[in-house]
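The values are calculated or read from the model by the stated rules, or taken from the named source; none is laboratory data. Predicted model only: the values in this text are computed from it and were never measured. In this analysis, Cβ positions are derived from the backbone assuming ideal geometry, glycine residues included, and neighbour counts consider all displayed protein chains. Areas reflect the complete protein model, heavy atoms only, side chains present, ligands, DNA and RNA absent. Shrake-Rupley method; radii C 1.70, N 1.55, O 1.52, S 1.80 Å.
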Amino acid sequence: MRFASLVCALLAAAGSPAQAADTVKVGLISTLSGPGAALGIDIRDAFNLALKHTGGKLGGLPAEVIVADDQASPDVGRQAADRMVKRDKVDFMTGIVFSNVMLAVGAPTFAAKTFYLSANAGPSQYAGEQCNPYFFSVSYQNDNQHEAVGKTVQDKGFKKVALLAPNYPAGKDALTGFKRFYKGEVVQEIYTKLGQLDYAAELAQVRAAKPDAMYIFLPGGMGINFVKQYVAAGMSKDATLFGPGFSADEDVIGAVGEPMLGMFNTSQWAHDLDNAANKRFVADFQKAYGRLPTLYASQGYDAAMLMDAAVRDAKGKLDDKEAVRRALKAARFDSVRGAFKFNANQYPIQDYYLRVVTKDAQGRITNRTLSTVFKAHTDAYAGACKMAS
(Lines give C-alpha, C1' and ligand atoms only; values in the text may rest on other atoms or scores of the structure.)
Protein backbone atom coordinates (compact mmCIF):
# COMPACT_ATOMS: atom_id res chain seq x y z
CA MET A 1 0.00 0.00 0.00
CA ARG A 2 2.88 2.34 0.82
CA PHE A 3 4.43 1.57 -2.59
CA ALA A 4 1.11 2.20 -4.37
CA SER A 5 0.70 5.47 -2.50
CA LEU A 6 4.20 6.55 -3.53
CA VAL A 7 3.54 5.72 -7.20
CA CYS A 8 0.28 7.69 -7.10
CA ALA A 9 2.05 10.66 -5.54
CA LEU A 10 4.79 10.62 -8.19
CA LEU A 11 2.26 10.35 -11.00
CA ALA A 12 0.27 13.23 -9.55
CA ALA A 13 3.40 15.35 -9.31
CA ALA A 14 4.42 14.50 -12.88
CA GLY A 15 1.00 15.44 -14.19
CA SER A 16 0.60 18.62 -12.19
CA PRO A 17 0.67 21.90 -14.11
CA ALA A 18 3.66 24.24 -13.91
CA GLN A 19 3.56 26.62 -10.97
CA ALA A 20 4.32 30.33 -11.10
CA ALA A 21 7.92 31.15 -10.19
CA ASP A 22 8.85 33.28 -7.18
CA THR A 23 11.45 35.36 -9.05
CA VAL A 24 12.84 35.85 -12.55
CA LYS A 25 16.60 35.44 -12.94
CA VAL A 26 18.35 37.15 -15.87
CA GLY A 27 21.95 36.62 -16.93
CA LEU A 28 23.27 39.77 -18.62
CA ILE A 29 26.63 39.12 -20.28
CA SER A 30 28.02 42.07 -22.23
CA THR A 31 31.21 43.85 -23.23
CA LEU A 32 31.86 46.20 -20.32
CA SER A 33 35.59 46.83 -20.82
CA GLY A 34 37.93 47.62 -23.72
CA PRO A 35 37.15 49.48 -26.99
CA GLY A 36 33.60 48.10 -27.18
CA ALA A 37 32.68 48.92 -23.57
CA ALA A 38 30.39 51.85 -24.40
CA LEU A 39 28.12 49.49 -26.34
CA GLY A 40 27.71 47.00 -23.53
CA ILE A 41 27.31 49.75 -20.94
CA ASP A 42 24.44 51.25 -22.94
CA ILE A 43 22.71 47.86 -23.15
CA ARG A 44 23.13 47.31 -19.41
CA ASP A 45 22.01 50.82 -18.47
CA ALA A 46 18.92 50.68 -20.67
CA PHE A 47 17.99 47.24 -19.34
CA ASN A 48 18.18 48.68 -15.82
CA LEU A 49 16.07 51.66 -16.89
CA ALA A 50 13.39 49.27 -18.16
CA LEU A 51 13.41 47.51 -14.78
CA LYS A 52 12.97 50.88 -13.11
CA HIS A 53 9.94 51.45 -15.34
CA THR A 54 8.51 48.04 -14.34
CA GLY A 55 9.11 48.57 -10.63
CA GLY A 56 12.01 46.11 -10.47
CA LYS A 57 9.80 43.28 -11.71
CA LEU A 58 9.36 41.23 -14.88
CA GLY A 59 5.81 40.13 -15.54
CA GLY A 60 4.92 41.07 -11.98
CA LEU A 61 7.66 38.87 -10.43
CA PRO A 62 10.74 40.28 -8.66
CA ALA A 63 13.69 40.34 -11.04
CA GLU A 64 17.29 39.41 -10.23
CA VAL A 65 19.91 40.44 -12.81
CA ILE A 66 23.35 38.80 -12.73
CA VAL A 67 25.90 40.82 -14.75
CA ALA A 68 29.20 39.64 -16.26
CA ASP A 69 31.80 41.24 -18.56
CA ASP A 70 32.68 39.05 -21.54
CA GLN A 71 35.66 41.30 -22.42
CA ALA A 72 34.69 40.78 -26.10
CA SER A 73 36.14 37.27 -25.74
CA PRO A 74 34.24 34.15 -26.91
CA ASP A 75 36.01 32.02 -24.27
CA VAL A 76 35.21 34.42 -21.42
CA GLY A 77 31.62 34.77 -22.62
CA ARG A 78 31.09 31.01 -22.83
CA GLN A 79 32.51 30.46 -19.33
CA ALA A 80 30.16 33.13 -17.95
CA ALA A 81 27.17 31.60 -19.76
CA ASP A 82 28.03 28.11 -18.54
CA ARG A 83 28.20 29.39 -14.96
CA MET A 84 24.92 31.29 -15.22
CA VAL A 85 22.85 28.45 -16.67
CA LYS A 86 24.32 25.71 -14.45
CA ARG A 87 25.03 27.40 -11.11
CA ASP A 88 22.73 30.44 -11.14
CA LYS A 89 19.87 28.71 -13.01
CA VAL A 90 18.90 31.87 -14.90
CA ASP A 91 15.59 31.95 -16.77
CA PHE A 92 16.74 34.32 -19.53
CA MET A 93 20.04 35.49 -21.00
CA THR A 94 20.78 38.73 -22.85
CA GLY A 95 23.35 41.49 -23.43
CA ILE A 96 26.00 40.22 -25.85
CA VAL A 97 27.38 42.79 -28.29
CA PHE A 98 29.64 40.81 -30.64
CA SER A 99 28.50 37.90 -32.81
CA ASN A 100 31.61 35.77 -32.28
CA VAL A 101 30.85 35.84 -28.55
CA MET A 102 27.16 35.10 -29.23
CA LEU A 103 28.02 32.02 -31.29
CA ALA A 104 30.19 30.72 -28.43
CA VAL A 105 27.53 31.42 -25.79
CA GLY A 106 24.72 29.83 -27.78
CA ALA A 107 25.74 26.19 -27.21
CA PRO A 108 25.62 26.09 -23.38
CA THR A 109 22.56 28.35 -23.29
CA PHE A 110 20.46 26.33 -25.71
CA ALA A 111 21.59 23.01 -24.18
CA ALA A 112 20.22 24.20 -20.85
CA LYS A 113 16.93 25.17 -22.54
CA THR A 114 17.45 28.77 -21.45
CA PHE A 115 15.95 31.52 -23.59
CA TYR A 116 18.42 33.98 -25.08
CA LEU A 117 16.98 37.40 -26.05
CA SER A 118 19.61 39.20 -28.10
CA ALA A 119 19.99 42.90 -27.40
CA ASN A 120 22.46 43.24 -30.26
CA ALA A 121 24.24 40.33 -31.97
CA GLY A 122 22.15 38.85 -34.79
CA PRO A 123 24.36 36.29 -36.58
CA SER A 124 23.22 34.82 -39.88
CA GLN A 125 23.84 31.31 -38.54
CA TYR A 126 21.00 31.53 -36.01
CA ALA A 127 18.71 33.10 -38.60
CA GLY A 128 19.04 30.21 -41.07
CA GLU A 129 19.86 26.52 -40.75
CA GLN A 130 21.01 26.82 -37.12
CA CYS A 131 17.87 28.66 -35.95
CA ASN A 132 16.90 27.63 -32.45
CA PRO A 133 13.65 27.78 -30.45
CA TYR A 134 15.59 29.30 -27.53
CA PHE A 135 17.08 32.22 -29.51
CA PHE A 136 15.15 35.45 -30.13
CA SER A 137 16.75 38.50 -31.75
CA VAL A 138 15.30 41.68 -30.26
CA SER A 139 17.65 43.72 -32.46
CA TYR A 140 18.04 42.74 -36.14
CA GLN A 141 19.73 40.17 -38.32
CA ASN A 142 23.34 41.27 -38.85
CA ASP A 143 22.91 41.95 -42.57
CA ASN A 144 19.84 44.18 -42.28
CA GLN A 145 21.19 47.67 -41.54
CA HIS A 146 23.87 47.11 -44.16
CA GLU A 147 21.26 46.11 -46.72
CA ALA A 148 19.51 49.41 -46.04
CA VAL A 149 22.74 51.35 -46.62
CA GLY A 150 23.48 49.37 -49.78
CA LYS A 151 20.06 50.32 -51.16
CA THR A 152 20.61 53.96 -50.16
CA VAL A 153 24.03 54.18 -51.83
CA GLN A 154 22.59 52.50 -54.94
CA ASP A 155 19.61 54.86 -55.05
CA LYS A 156 21.85 57.91 -54.64
CA GLY A 157 23.76 56.89 -57.75
CA PHE A 158 27.26 56.25 -56.39
CA LYS A 159 29.26 54.20 -58.91
CA LYS A 160 32.41 53.13 -57.03
CA VAL A 161 32.44 52.13 -53.36
CA ALA A 162 35.12 50.97 -50.91
CA LEU A 163 34.02 48.68 -48.07
CA LEU A 164 35.68 48.11 -44.69
CA ALA A 165 34.71 45.91 -41.73
CA PRO A 166 36.35 43.82 -38.99
CA ASN A 167 37.18 40.21 -39.82
CA TYR A 168 34.61 38.40 -37.63
CA PRO A 169 31.10 36.99 -38.25
CA ALA A 170 29.20 40.29 -38.04
CA GLY A 171 31.76 42.01 -40.26
CA LYS A 172 31.29 39.39 -42.96
CA ASP A 173 27.50 39.56 -42.61
CA ALA A 174 27.75 43.36 -42.90
CA LEU A 175 29.48 43.45 -46.26
CA THR A 176 27.35 40.58 -47.57
CA GLY A 177 24.25 42.60 -46.68
CA PHE A 178 25.55 45.77 -48.30
CA LYS A 179 26.39 43.99 -51.56
CA ARG A 180 22.98 42.33 -51.66
CA PHE A 181 21.42 45.72 -52.54
CA TYR A 182 24.35 47.68 -54.00
CA LYS A 183 24.96 46.82 -57.67
CA GLY A 184 27.78 49.25 -58.52
CA GLU A 185 31.53 48.58 -58.49
CA VAL A 186 33.20 47.58 -55.22
CA VAL A 187 36.75 48.88 -55.70
CA GLN A 188 38.04 47.73 -52.29
CA GLU A 189 36.72 45.17 -49.81
CA ILE A 190 38.91 45.29 -46.72
CA TYR A 191 38.68 43.19 -43.55
CA THR A 192 40.62 44.38 -40.51
CA LYS A 193 41.45 42.92 -37.10
CA LEU A 194 38.57 43.14 -34.62
CA GLY A 195 39.42 45.96 -32.20
CA GLN A 196 41.92 47.62 -34.56
CA LEU A 197 42.34 51.36 -33.91
CA ASP A 198 44.96 52.52 -36.48
CA TYR A 199 43.76 52.63 -40.10
CA ALA A 200 46.67 54.33 -41.88
CA ALA A 201 47.38 51.37 -44.16
CA GLU A 202 43.71 50.87 -45.05
CA LEU A 203 43.21 54.58 -45.78
CA ALA A 204 46.16 54.45 -48.20
CA GLN A 205 44.51 51.52 -50.00
CA VAL A 206 41.20 53.34 -50.25
CA ARG A 207 42.78 56.58 -51.46
CA ALA A 208 44.54 54.70 -54.25
CA ALA A 209 41.27 53.06 -55.35
CA LYS A 210 39.51 56.47 -55.73
CA PRO A 211 35.96 55.53 -54.74
CA ASP A 212 33.15 58.09 -54.72
CA ALA A 213 31.65 56.54 -51.55
CA MET A 214 33.09 54.80 -48.51
CA TYR A 215 31.14 52.29 -46.43
CA ILE A 216 32.29 51.19 -42.97
CA PHE A 217 31.04 48.83 -40.30
CA LEU A 218 33.18 49.65 -37.24
CA PRO A 219 31.31 49.63 -33.92
CA GLY A 220 32.57 51.38 -30.79
CA GLY A 221 36.16 52.61 -30.54
CA MET A 222 36.95 51.25 -34.01
CA GLY A 223 34.47 53.61 -35.64
CA ILE A 224 35.56 56.55 -33.49
CA ASN A 225 39.17 56.21 -34.58
CA PHE A 226 38.39 55.52 -38.23
CA VAL A 227 36.15 58.54 -38.70
CA LYS A 228 38.69 60.83 -37.04
CA GLN A 229 41.48 59.51 -39.27
CA TYR A 230 39.33 59.52 -42.42
CA VAL A 231 38.27 63.15 -42.04
CA ALA A 232 41.73 64.30 -40.89
CA ALA A 233 43.20 62.77 -44.05
CA GLY A 234 40.80 64.90 -46.14
CA MET A 235 39.19 61.83 -47.70
CA SER A 236 35.62 62.81 -46.83
CA LYS A 237 35.86 65.53 -49.50
CA ASP A 238 36.30 62.94 -52.24
CA ALA A 239 34.25 59.97 -50.99
CA THR A 240 31.00 60.39 -49.06
CA LEU A 241 31.04 58.38 -45.83
CA PHE A 242 28.25 55.91 -45.08
CA GLY A 243 27.74 53.43 -42.27
CA PRO A 244 25.14 51.44 -40.36
CA GLY A 245 23.65 52.96 -37.24
CA PHE A 246 26.36 51.32 -35.12
CA SER A 247 29.14 53.32 -36.79
CA ALA A 248 27.38 56.70 -36.49
CA ASP A 249 25.55 56.38 -33.20
CA GLU A 250 25.56 58.75 -30.25
CA ASP A 251 28.60 57.10 -28.62
CA VAL A 252 30.66 57.67 -31.78
CA ILE A 253 29.26 61.18 -32.33
CA GLY A 254 30.06 62.19 -28.77
CA ALA A 255 33.66 61.08 -29.13
CA VAL A 256 34.30 62.44 -32.64
CA GLY A 257 32.25 65.65 -32.76
CA GLU A 258 32.06 67.87 -35.85
CA PRO A 259 33.90 65.52 -38.24
CA MET A 260 30.77 63.32 -38.05
CA LEU A 261 28.56 65.99 -39.66
CA GLY A 262 27.00 64.83 -42.91
CA MET A 263 27.57 61.10 -42.38
CA PHE A 264 24.63 59.00 -43.56
CA ASN A 265 23.62 55.87 -41.69
CA THR A 266 20.69 53.48 -41.31
CA SER A 267 18.95 52.02 -38.30
CA GLN A 268 15.72 50.38 -37.18
CA TRP A 269 15.57 52.94 -34.36
CA ALA A 270 16.22 56.66 -33.83
CA HIS A 271 15.82 58.90 -30.79
CA ASP A 272 13.45 61.16 -32.76
CA LEU A 273 10.93 58.42 -33.65
CA ASP A 274 7.49 59.71 -32.73
CA ASN A 275 5.87 57.13 -30.47
CA ALA A 276 4.98 57.27 -26.79
CA ALA A 277 7.26 54.43 -25.65
CA ASN A 278 10.27 55.99 -27.39
CA LYS A 279 9.63 59.49 -26.05
CA ARG A 280 9.50 58.16 -22.49
CA PHE A 281 12.60 55.99 -23.01
CA VAL A 282 14.71 58.81 -24.51
CA ALA A 283 13.68 61.38 -21.91
CA ASP A 284 14.21 59.05 -18.94
CA PHE A 285 17.52 57.69 -20.28
CA GLN A 286 18.89 61.23 -20.60
CA LYS A 287 17.63 62.08 -17.13
CA ALA A 288 19.14 58.97 -15.57
CA TYR A 289 22.50 58.89 -17.37
CA GLY A 290 23.10 62.37 -18.76
CA ARG A 291 23.48 61.32 -22.39
CA LEU A 292 21.36 60.47 -25.42
CA PRO A 293 20.68 56.74 -25.78
CA THR A 294 22.21 54.76 -28.62
CA LEU A 295 20.78 52.04 -30.82
CA TYR A 296 22.33 49.55 -28.38
CA ALA A 297 20.43 51.15 -25.50
CA SER A 298 17.14 50.93 -27.40
CA GLN A 299 17.70 47.21 -27.90
CA GLY A 300 18.61 46.59 -24.25
CA TYR A 301 15.42 48.37 -23.20
CA ASP A 302 13.26 46.40 -25.63
CA ALA A 303 14.84 43.09 -24.53
CA ALA A 304 13.75 43.81 -20.96
CA MET A 305 10.26 44.85 -22.04
CA LEU A 306 9.85 41.68 -24.12
CA MET A 307 10.85 39.59 -21.08
CA ASP A 308 8.33 41.51 -18.99
CA ALA A 309 5.55 40.80 -21.50
CA ALA A 310 6.48 37.12 -21.87
CA VAL A 311 6.57 36.42 -18.12
CA ARG A 312 3.24 38.21 -17.77
CA ASP A 313 1.59 36.32 -20.64
CA ALA A 314 2.98 32.97 -19.42
CA LYS A 315 1.49 33.81 -16.01
CA GLY A 316 4.90 33.45 -14.40
CA LYS A 317 5.10 29.71 -15.21
CA LEU A 318 8.73 29.79 -16.34
CA ASP A 319 9.09 25.99 -16.22
CA ASP A 320 6.53 25.74 -19.03
CA LYS A 321 9.04 26.40 -21.80
CA GLU A 322 6.53 26.14 -24.61
CA ALA A 323 4.22 28.66 -22.96
CA VAL A 324 7.13 31.06 -22.46
CA ARG A 325 8.21 30.61 -26.07
CA ARG A 326 4.71 31.33 -27.35
CA ALA A 327 4.58 34.44 -25.18
CA LEU A 328 7.97 35.63 -26.44
CA LYS A 329 7.00 35.05 -30.05
CA ALA A 330 3.75 37.00 -29.61
CA ALA A 331 5.86 40.03 -28.60
CA ARG A 332 3.00 41.86 -26.91
CA PHE A 333 4.97 44.90 -25.77
CA ASP A 334 5.36 48.50 -26.92
CA SER A 335 8.72 48.66 -28.69
CA VAL A 336 10.59 51.96 -28.73
CA ARG A 337 11.06 51.47 -32.48
CA GLY A 338 7.31 51.25 -33.14
CA ALA A 339 5.91 48.30 -35.10
CA PHE A 340 7.65 45.05 -34.14
CA LYS A 341 6.94 41.37 -34.74
CA PHE A 342 8.93 38.16 -35.13
CA ASN A 343 9.44 36.17 -38.31
CA ALA A 344 9.28 32.35 -38.26
CA ASN A 345 13.01 32.24 -37.40
CA GLN A 346 12.43 34.53 -34.38
CA TYR A 347 14.24 37.48 -35.93
CA PRO A 348 12.37 40.81 -36.29
CA ILE A 349 10.26 42.02 -39.17
CA GLN A 350 10.67 45.80 -38.91
CA ASP A 351 11.23 49.13 -40.65
CA TYR A 352 14.67 50.63 -41.37
CA TYR A 353 15.37 54.37 -41.57
CA LEU A 354 17.94 56.63 -43.18
CA ARG A 355 19.54 59.08 -40.74
CA VAL A 356 22.11 61.84 -41.14
CA VAL A 357 24.42 63.36 -38.54
CA THR A 358 23.57 67.05 -38.16
CA LYS A 359 23.10 69.80 -35.55
CA ASP A 360 19.70 69.93 -33.90
CA ALA A 361 17.78 72.96 -32.63
CA GLN A 362 19.74 72.80 -29.37
CA GLY A 363 23.05 72.89 -31.20
CA ARG A 364 23.82 69.23 -30.41
CA ILE A 365 25.54 67.10 -33.02
CA THR A 366 23.24 64.12 -33.36
CA ASN A 367 21.25 61.98 -35.79
CA ARG A 368 18.14 63.18 -37.59
CA THR A 369 15.79 60.75 -39.33
CA LEU A 370 15.35 61.51 -43.05
CA SER A 371 13.20 58.73 -44.55
CA THR A 372 12.16 55.09 -44.44
CA VAL A 373 14.40 52.79 -46.49
CA PHE A 374 12.55 49.49 -45.86
CA LYS A 375 9.05 48.76 -44.58
CA ALA A 376 8.48 45.49 -42.66
CA HIS A 377 11.86 44.19 -43.81
CA THR A 378 12.76 40.51 -43.35
CA ASP A 379 16.17 38.85 -43.37
CA ALA A 380 17.54 36.77 -46.23
CA TYR A 381 18.08 33.58 -44.19
CA ALA A 382 14.61 32.91 -42.77
CA GLY A 383 13.73 30.49 -45.59
CA ALA A 384 16.54 28.15 -44.49
CA CYS A 385 15.13 27.90 -40.95
CA LYS A 386 13.21 24.63 -40.52
CA MET A 387 12.16 25.25 -36.92
CA ALA A 388 8.60 24.30 -36.06
CA SER A 389 6.41 27.31 -35.38
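Estimate the FRET efficiency between residue 233 and residue 258 by the formula 1/(1 + (r/R0)^6), using the beta-carbon distance for r and 25 Å for R0, to the nearest 0.05. Don't skip to the answer; put the middle values down first.
Values: r = 16 Å, r/R0 = 0.63.
So, using R0 = 25 Å, E works out to roughly 0.95.
Would you work out what percent of the accessible area of the stretch 36-183, with all protein chains in place, is carbon or sulfur (probe 1.4 Å)?
46
To the nearest 500 deg cm²/dmol, what mean residue ellipticity at 222 nm is calculated for the chain from DSSP H runs of n ≥ 4 alone, each contributing -39,500 (n - 2.57), summed and divided by the residues?
-12500 deg cm²/dmol
What is the Cα convex hull volume of the chain when expressed per residue in Å³?
129
Do any of 193/386; 193/237; 279/375; 52/86; 172/193; 113/386 go past 23 Å between their Cα atoms, and which?
From the list (193/386; 193/237; 279/375; 52/86; 172/193; 113/386), the Cα-Cα distance tops 23 Å for 193/386; 193/237; 52/86.
Each label point is 7 Å from the Cα along the Cα-to-Cβ direction; what then is the distance between the points at residue 87 and residue 210, in nm?
6.1
Using 7 Å Cα-to-Cβ label points, what is the residue 154/residue 369 separation (nm, one decimal)?
In this crude spin-label approximation the distance works out to 2.4 nm.
Quick check: the distance between the Cα centres of the stretch 76-137 and the stretch 300-360, to the nearest angstrom?
If you average the Cα positions of each part, the centres end up 16 Å apart.
Tally the DSSP beta bridges in the chain and give the antiparallel ones as a percent, rounded to 5.
Taking every DSSP beta bridge within the chain, about 35 percent pair in antiparallel fashion.
Taking H as built 1.01 Å from N, whose amide H comes closer than 5 Å to the amide H of residue 67, not counting residues under 5 places away?
28
Whose amide H sits under 5 Å from the amide H of residue 135, counting only residues 5 or more places off or on another chain, with H placed in the peptide plane?
Excluding prolines and chain starts, which carry no amide H, the hits are 116.
How large is the convex hull of the Cα atoms of the stretch 225-337 per residue, expressed in Å³ as a whole number?
It is 129 Å³ per residue.
Counting only heavy atoms of the protein chains, get the accessible area per residue of the chain (1.4 Å probe) and round it to a whole Å² value.
Per-residue value: 40 Å².
With a 10 Å cut-off between alpha carbons and a GNM built on the chain, which of 49, 197, 164 moves the most?
Checking each option, the largest mean-square fluctuation is seen for 197.
What ³J(HN,Hα) values, in whole Hz, does the Karplus curve 6.51 cos²θ - 1.76 cosθ + 1.60 give for the stretch 155-165 when θ = phi - 60°, with x put for Gly and Pro?
5, 7, x, 6, 9, 10, 10, 9, 10, 8, 7
Relative contact order for the chain using alpha-carbon pairs under 8 Å, separation at least 6, rounded to a whole percent?
19 percent.
Could you work out which residue, out of 48, 142, 265, moves most in a Gaussian network model of the chain, that is, has the largest mean-square fluctuation with Cα springs under 10 Å?
Per the Cα network of the chain with a 10 Å cutoff, 48 tops the list.
Using the crude model of +1 on Lys and Arg Cβ and -1 on Asp and Glu Cβ, and no other charge, please compute the dipole size for the chain relative to its Cα centre, in debye to 20.
Charge dipole, the chain, about its Cα centre: 540 debye, nearest 20.
Each residue of the stretch 117-134 in order: what ³J(HN,Hα) in whole Hz does its phi give by Karplus 6.51 cos²θ - 1.76 cosθ + 1.60, θ = phi - 60°, with x for Gly and Pro?
Listing the rounded values in order: 10, 6, 9, 6, 4, x, x, 4, 4, 7, 8, x, 5, 9, 4, 9, x, 9 Hz.
Choose one of 190, 384, 292: the residue whose Cα lies farthest towards the positive end of the charge dipole of the chain (beta-carbon charges +1 Lys, Arg; -1 Asp, Glu; about the Cα centre).
Farthest towards the positive end: 384.
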